[in-house]
Amino acid sequence: MKSKIILFGLLAVMLTACGEEFLNVPSQTSLTSEIYFQKESDFQAAINANYAPLRDVYNGGTAIWALTEMQSDNARYIFNPDLRASLNQENVADFIQEASNTVSTNVYRVNYRTIARANQILATIDGVTFSSDAVKNNIKGQALFLRALSYFNLVQIFGSVPVHLDPAKSIEETALPLSTPEEIMTLILADAKAAKDLLPAKSVAEVGRATKGAATMLVANVYMQKKDYTSAEPLLKEIVTSGEYKLMPTYSSIFDLKNKNNSESIFEIQYRQGSDGYNSSFCYTFMPYPLSSATIASLTGVTNPNTLNGNPYNIPSPDLISEYETGDKRLDATIGKATTNRAVPTTYPFCIKYLHPHTLLNFADDNWPVYRYAETLLSLAEAINEQGKPAEALAYINTAIGGSPVSIRERAGLATVTASSQADVRTAIMHERRVELAFENKRWNDLVRYGTAVQTITAYGAKIKANPATYYFPAGYNPPAAAFASINLVWPLPADESLYSPHF
């Protein structure tokens, strides 16, 4: 009995001494950060998982293309009076910017999912021994790049957002104050520059991973968006002189499935056809509907075609189509036509840049290009021209640079640009960006950078309201009265998220 009393007494002392630490023992059954992030293979798995949300950022009906391409004058939707389940996407195109929109909400959440995974890696990686500094630096650099890219998406779409740089350990830490766009841009530059120093070149990196070139392009992209052309120019030239990139010989070959991650690719989102969850589906999102099974089979090559109905998004606007010069080979590689099987069959244009044969219906194989070398050349031309050197700028459009077999204009089947004044060269560069990078999520951010977004979209909206049939409204239907009433450069923060934060 005496020994039992002593035992209980010692136990009581131990419990008192341990205090709350006794209650904070890491779970031995669940994968907490204390248990999981212990060895190199854990971080290899974690960085693989860090890329996964990117597929949701760019894929599906609530993806970022709606806020960057369909929100611009490049694309519209086809109004389908028989299916009224697409109001959120239609509101994006019509500039009815509500905090409850499911598109903006999804883009917000998925980007933060990428950020959260990157934060977990960056918070724990320095406490673990790796087989080499190169392996550790590569993983850390990828996490920094993915966090920077996600914040760049967020700041361009929403402006002020909360900045999370550490894993949240309490409910309070999940609701941080908003940072200004300037503060967020500073963070993005810091992350992307650090990634640039840590990441390997494309020639030695694993296919599909973030590389030194991708991080360099991201830093330059931030400077371009800030109109800091003197800072952007040397970074863009660094990519050009690296010998890592060159233009593909034809425009259509860039997107051919045989050429994924080709010589022009700086960074692209990786998809794989099949039903295992890695497929893309945006080629279906961009089709005009309804389509017969025969048409679906001819367009996609699938072995299980079916009649499809739905709401067609990201349909090329008449304005974009008219932007292509006569003989521009990029037109036929970007925009095709299909005839719907409605009671009155109608032929519509649609984006075919990401439409290539695959096996199963809705399970496509196309990647999404985030950065490619043609954008580097166009950005460099713009940066140089904005510093008052139009003749030098044109060389990056008219001339085959470095190891490229063709120039941008030559590949398009067009004559060289002969503009000479800074203003005329600026117009030529804007034109080239619009048609070269159509449906690659560049147009809206370009309009914002040019300072012409409000003017351009206001005039564009007026044309749509005056000629609804030209912009894919059936007879008797018109855009909503609220369409284009107010052109805001950023979206309101998601209403659902405001339930969890007092700062919204």
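Once backbone amide H atoms are built at 1.01 Å from N, Asn311 has no partners under 5 Å, excluding neighbours fewer than 5 places away on the same chain. Each other residue within a Cβ distance under 15 Å of Leu414 adds +1 if Lys or Arg and -1 if Asp or Glu, for a net charge of -1. Can you give the FRET efficiency for Thr418 and Thr250, using 1/(1 + (r/R0)^6), R0 = 22 Å, r = Cβ-Cβ distance, to the nearest 0.05? After rounding to 0.05, the efficiency reads 0.40.
Taking amide H as placed 1.01 Å from N in the peptide plane, Ala75 has its amide H under 5 Å from the amide H of Ser317, each at least 5 places away in sequence or on another chain.
For the range 491-499, backbone phi angles converted through the Karplus equation (6.51, -1.76, 1.60; θ = phi - 60°) give residue-by-residue couplings of 8, x, 5, x, 4, 4, 6, 5, 5 Hz, Gly and Pro being listed as x. Relative to the first principal axis of the alpha-carbon coordinates of the chain, what is the inclination of helix 373-385, with its axis defined by its Cα atoms, in degrees from 0 to 90 and to the nearest 10? Relative to the chain, helix 373-385 is tipped by roughly 80 degrees. In order along the range 276-287, the Karplus-derived 3J(HN,Hα) couplings, from 6.51 cos²θ - 1.76 cosθ + 1.60 at θ = phi - 60°, round to 9, x, 9, 7, 9, 9, 5, 4, 6, 4, 8, 7 Hz, and Gly and Pro are given as x.
Using alpha carbons only, how many degrees (0 to 90, rounded to 10) separate the axis of helix 102-124 from the longest principal axis of the chain? For helix 102-124, the angle is close to 40 degrees.
Each label point was placed 7 Å from the Cα along the Cα-to-Cβ direction; for Ala495 and Asn48 their separation is 4.1 nm. Taking Cα atoms only, the orientation of helix 2-18 departs from the longest principal axis of the chain by about 30 degrees. For Arg272, neighbours were defined as the other residues whose beta-carbon sits under 11 Å from its Cβ, and their charges (Lys and Arg +1, Asp and Glu -1) total -1. What's the center-to-center distance, using Cα atoms, between the range 430-504 and the range 39-110 in Å? The range 430-504 and the range 39-110 have Cα centres spaced 15 Å from each other. A DSSP coil position with no more than 14 other Cβ atoms inside 10 Å describes the following trypsin sites (Lys or Arg not before Pro) in the range 27-121: Lys39, Arg84. Taken as Cα centroids, the range 193-259 and the range 288-356 sit 31 Å apart, rounded to the nearest whole angstrom. Residue separation of Leu165 and Ala462 scaled by 0.36 nm, minus their Cα-Cα distance, works out to 102.6 nm of gained length.
Over the residues of the chain, the helix contribution to mean residue ellipticity at 222 nm works out to -14500 deg cm²/dmol, using -39500 (n - 2.57) for each DSSP H run of at least 4. Sequence-distant contacts, meaning Cα pairs under 8 Å at least 6 residues apart, place the relative contact order of the chain at 19 percent. Considering only alpha-carbon pairs that sit under 8 angstrom and 6 or more positions apart, the relative contact order computed for the range 455-504 is 30 percent. Computed from label points 7 Å out along Cα-Cβ, the spacing between Lys226 and Asp126 is 2.3 nm. The Rg/Rh ratio of the range 222-297, with both radii computed over alpha carbons and Rh defined as the Kirkwood radius, is 1.13.
With θ taken as phi - 60° and the Karplus curve 6.51 cos²θ - 1.76 cosθ + 1.60 applied, the whole-hertz 3J(HN,Hα) list for the range 90-97 is 5, 5, 4, 5, 9, 6, 9, 9 Hz, x standing for glycine and proline. Net charge near Pro369: determine it from the other residues with C-beta under 11 Å of the C-beta of Pro369, scoring Lys and Arg +1 and Asp and Glu -1. Summing Lys and Arg as +1 and Asp and Glu as -1 gives -1. Descending by average beta-carbon neighbour count within 10 Å, the peptides 381-388, 298-305, 62-69 line up as 62-69, 381-388, 298-305, the highest first.
Annotation: amide H of Ile335 within the under-5 Å range of Ile352, sequence separation 5 or more or interchain, hydrogens built in the peptide plane.
Quick note: the coordinates plus some simple rules give every number you see, no bench work behind them. Remember, it's a predicted structure, so these values are computed and weren't measured experimentally. FYI the Cβ positions are ideal-geometry reconstructions off the backbone, even for glycines, and counts take in every protein chain you see.
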